[in-house]
Amino acid sequence: MNIYIHTLGCFKNEVDSSGIATILRSSGFNVVEDINRADVVILNTCGFIRPAKEESISYIWRFIERKRKTGVRLIVTGCLAQRYLKELFDEFPEVDAVVGLGNIREFPNIINRVLSGDRFVKDGSLDNLLKFEIDRPSLVYYLKIADGCNNRCRYCAIPLIRGNLQVKNPEEILREVEGVLAKGSRELILVAQDLTSYRYKDYNLVDLLKDLNSIAGEFWIRLMYLYPSRVDETLIEAIANLDKVVKYVDIPLQHIDDSVLASMGRPGREVAERAVRLVREIPDVIIRTSFIIGYPTETQTAFENLLEFLSRERLHRVGFFIYSQEEGTPAYELGDPIPDRVKRFRVKRAQILQEKITLDFHKNLIGKRFKVLVENKLDRTIDGCKIFIGRTYMDAPEIDSRVFIKSEEDILGKFVDTIIERLEGYDFWGRLWRD
Ligand code: SF4
């Protein structure tokens, strides 16, 4: 029986899909990459903001179309399913099962029930969000060390969907990491809703970083989603001094204007600026952050404050999201007073400003030498050379820049020293460093 899994949303959803694939393979199912070979399609949805919900819904329709043509069975799971279990079941009678979060180990039974013709919903069990294995780790491995969140940012639906913070036992994490490194992973990307809130009894994120760093072998450790008020000297020291931890810090600030941050229920400007100052103490550090534009209380002045902050701080990697009014969140009561065209115009202004800052930074990298993790290869060749794609420590997968390298020898899966030769949009072309 062939099962095809389609994943939407964040890195954490990728991890869940790998968990589903693992349990299905261990139960004798065949997990296929080609949807045309599928008997059952599992759609792992995202559901925390409007654009993500709309994308998930469009994929449900797309797979219903496929079901009408091919008779393939359709299971919808993930955050949208968790949030709207009954609604999706009633709204889409052609969906065979709607499955809440935390059911990864149940998927063999779920598939068998669907194949036997049952149509059902399966409630989520959030206690099991971290309870699954992954059998085929990739070169770049997303290491989910916690799930859920105890912060209560007023615009955010994630605590409603994934519940309160749960953390993985450090022994389990270290065993998991030993396993995936032995199977060829060369980059560990630590993910959670808020990585800095990781604590298992007296064991915290810094303890974990030290233990991961002490594992033998050549690999990178990358941190995503740090919460500003929990960025302290000890963490900064660990990132700066542990050689396997890449000097890349992802710290979503969401806004910089004090009144907006207060209304969001987030730490104030002073805390955010202090966190950025601390992070800058790490030599050659790359700072990634993200901002929400168009939050109900964002005045023109508040937005100008954000632009001023961007111009002054000149951060390296910045994402902008349009505010999405989400039912069930405390901010929902504020309505959505800022017209979409104003939100889009503000995002455009911010993006134009940030694009210049990032590209100016990139121009200064030409001629410099960086270690690149090579993770892909293009089908075509140039001058008889294959073209490989990798990333420097300055770039997380999918959201940051890539480096294209021509090479006669096969360098896939390797760390290679590379000289940046030129820019191509946000990406780079580099040549292999030869001693
Ligand atoms: S820290 Fe992130 S996941 Fe947690 S409530 Fe805030 S925005 Fe949502």
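The values are calculated or read from the model by the stated rules, or taken from the named source; none is laboratory data. The structure displayed is predicted, hence computed values, not measured ones. Every residue, glycine among them, receives a Cβ derived from its backbone with ideal geometry; neighbour counts consider all protein chains shown. With ligands, DNA and RNA removed, areas are computed over all heavy atoms of the protein, side chains included. Shrake-Rupley method; radii C 1.70, N 1.55, O 1.52, S 1.80 Å.
What residue, among those in segment 150-186 that are within 16 Å of the ligand (Cβ to nearest atom) and more than 22 Å from Asp250 (Cα to Cα), is most open to solvent (accessible area, probe 1.4 Å)?
The initial filter retains those residues of segment 150-186 that are within 16 Å of the ligand (Cβ to nearest atom), namely 150-167.
Of the ones still in play, those that are also more than 22 Å from Asp250 (Cα to Cα) are 160-161, 163.
Working: Leu160: 98, Ile161: 2, Gly163: 11 Å².
Per the stated criteria, the residue is Leu160.
Look at (1) surrounded by 13 or more Cβ atoms within 10 Å (Cβ to Cβ); (2) free of Cβ contacts under 8 Å to residues at least 40 places away in the same chain; (3) assigned by TED's automatic domain parsing to the domain that holds Gly265 and you find that Ile338 fails only one, number (2). Among the residues of segment 154-192, those that are in contact (Cβ under 8 Å) with a residue 60 or more places away in the chain and either farther than 18 Å from Val246 by Cβ or touching an Asp or Glu at 6+ places or on another chain (Cβ under 6 Å) (or both) comprise Arg154, Tyr155, Cys156, Ala157, Ile158, Leu160, Ile161, Arg162, Gly184.
For segment 124-149, which residues satisfy the criterion of being modelled with pLDDT under 95 and more than 16 Å from the ligand (Cβ to nearest atom)? The answer is Gly124, Ser125, Asp127, Asn128, Lys131, Phe132, Glu133, Ile134, Asp135, Arg136, Pro137, Ser138. All conditions in (1) more than 24 Å from the chain's Cα centre (by Cα); (2) within 14 Å of the ligand (Cβ to nearest atom) hold for Asp258, with the sole exception of (2).
Consider segment 213-229 and keep the residues that are in contact (Cβ under 8 Å) with a residue 60 or more places away in the chain and open to solvent by 10 Å² or more (accessible area, probe 1.4 Å). The one that is farthest from the ligand (Cβ to nearest atom) is Glu218.
Total residues in segment 100-120 satisfying the condition of being of a type in the set (A, V, I, L, M, F, W, C) and either in contact with a Gly (Cβ under 8 Å, 6 or more places away or on another chain) or modelled with pLDDT under 95 (or both): the figure is 2. Here Tyr142 passes the criteria (1) over 30 Å from Val374 (Cβ atoms); (2) open to solvent by less than 60 Å² (accessible area, probe 1.4 Å); (3) touching a Lys or Arg at 6+ places or on another chain (Cβ under 8 Å); (4) not aliphatic (A, V, I, L, M) except the one numbered (1). Among the helices (runs of 4 or more DSSP H) confined to segment 1-110, the ones with at least 3 residues that are without any contact (Cβ under 8 Å) to a residue 24 or more places away in the chain are located at 50-70, 85-91. For the residues Ile251, Ile189, the requirement of being away from the ligand (no atom under 16 Å from the Cβ) and open to solvent by less than 10 Å² (accessible area, probe 1.4 Å) singles out Ile189.
If you go through segment 268-280 and pick out every residue that is in contact with a helix residue (DSSP H, G or I) (Cβ under 6 Å, 6 or more places away or on another chain) and surrounded by fewer than 21 Cβ atoms within 10 Å (Cβ to Cβ), you end up with 4. Residues that are closer than 18 Å to Arg422 by Cα and of a type in the set (A, V, I, L, M, F, W, C) were ranked within segment 374-388; the one that is most open to solvent (accessible area, probe 1.4 Å) is Ile382.
Taken over segment 230-248, the residue count meeting the criterion of being away from the ligand (no atom under 16 Å from the Cβ) and open to solvent by 40 Å² or more (accessible area, probe 1.4 Å) is 6.
Counting only strands (runs of 3 or more DSSP E) that sit completely within segment 291-403, those holding 1 or more residues that are over 24 Å from Val245 (Cα atoms) and among the hydroxyl-bearing types (Ser, Thr, Tyr) correspond to 369-382.
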